[in-house]
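Undergrad: What follows is a structure written as structure tokens; I'll ask about it next.
A short reminder: the numbers here are calculations on the coordinates, not readings from a lab. None of these values were measured; they are calculated from a predicted model. Here the Cβ positions follow ideal geometry from the backbone for every residue, glycine too, while neighbour counts run over all protein chains shown.
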Amino acid sequence: MTSKEYTTALNLFNESKYAEAAKLFDELGFLYESGYCEFAQGNLDKAKYIWKASKIDSPAIEWGNCIIQLINRTIPIKISYFQIRNFLERDLDVLLCSDLMDYADRVLSAEKILFKYNPETYKFMGRGLMAFGFFDLAYEFLLKAQNVCYTDVEVQFLIAQYFICKLDRESGAAVLKKLIKNAPDYYPAQKLLESISYPYS
């Protein structure tokens, strides 16, 4: 196995050519990645089988089994703060990319379960939905995030982005100005405010 072969498999995955990527990862002996390609195709039982057969002990596989349980409307026995932080948003991204909307909806519906383990859950969900243009649904999660993590500057920044995406520059600017007042060193907010203010200055 060469790094070039692994990169080829990874590129196939990033191009959403999951079946081809799964075959190559399997041939290279990367069974976590092979199973994840099956997950990305909605083949949940096959993903579980590959991960179990691999006998690999890893947080990624533990989380993979957790999110499959959530999709199957079962409460996982073991979830960790860092698993949610490291994997939740990526998995939502993959489900949305694969047009597995029902599965994505089931993960989003598990918000309260995941929140118990990581209070940033709402932010991760909101940010992931924003990236795919589900602005109004994202805003619902960002408001929940704001109520919990009211000092989190990124949550405020994402809310400002929401208003700007909805063509409400005035509200977006108001949020950014308040953010900058409380966190003057938060450069992304300053840059975004300049970008929406420039045409009117």
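Undergrad: Where does the charge balance sit around L24 when Lys and Arg score +1, Asp and Glu -1, over other residues with C-beta under 11 Å from its C-beta?
TA: Charge balance near L24 sits at -3.
Undergrad: Suppose each label sits 7 Å from its Cα in the direction of the beta carbon; what would the D105-A183 distance come out to in nanometres?
TA: Output for this residue pair reads 3.3 nm.
Undergrad: Would you list D105, D45 from fewest to most Cβ contacts within 10 Å?
TA: D45, D105
Undergrad: Run the numbers on the range 1-145 and let me know its relative contact order in percent, using alpha-carbon pairs under 8 Å that are six or more apart.
TA: After rounding, I find 15 percent.
Undergrad: Taking 0.36 nm per intervening residue step and subtracting the Cα-Cα distance, what contour gain separates R169 from N11 on full extension?
TA: 53.1 nm
Undergrad: Using the beta-carbon distance between T74 and K116 and R0 = 22 Å, what value does 1/(1 + (r/R0)^6) give for FRET efficiency, to the nearest 0.05?
TA: 0.90
Undergrad: Most exposed first by the Cβ proxy, i.e. fewest other Cβ within 10 Å, how do F82, F141, F135 rank?
TA: Fewest to most other Cβ atoms nearby, the residues stand as F82, F135, F141.
Undergrad: Here is a further query. Could you tell me the largest-minus-smallest coordinate of the C-alpha atoms of the chain on each of the three principal axes, in descending order and whole angstroms?
TA: For the chain, the Cα extents along the three principal axes come out at 59, 38, 29 Å.
Undergrad: Follow-up question, since we're still on this one. Multiply the residue separation of E62 and S3 by 0.36 nm, subtract the distance between their alpha-carbon atoms, and state the gained length in nm to one decimal.
TA: Additional length available on full extension: 18.7 nm.
Undergrad: I need L143, L31 ordered by Cβ neighbour count within 10 Å, fewest first.
TA: By the 10 Å Cβ count, ascending: L143, L31.
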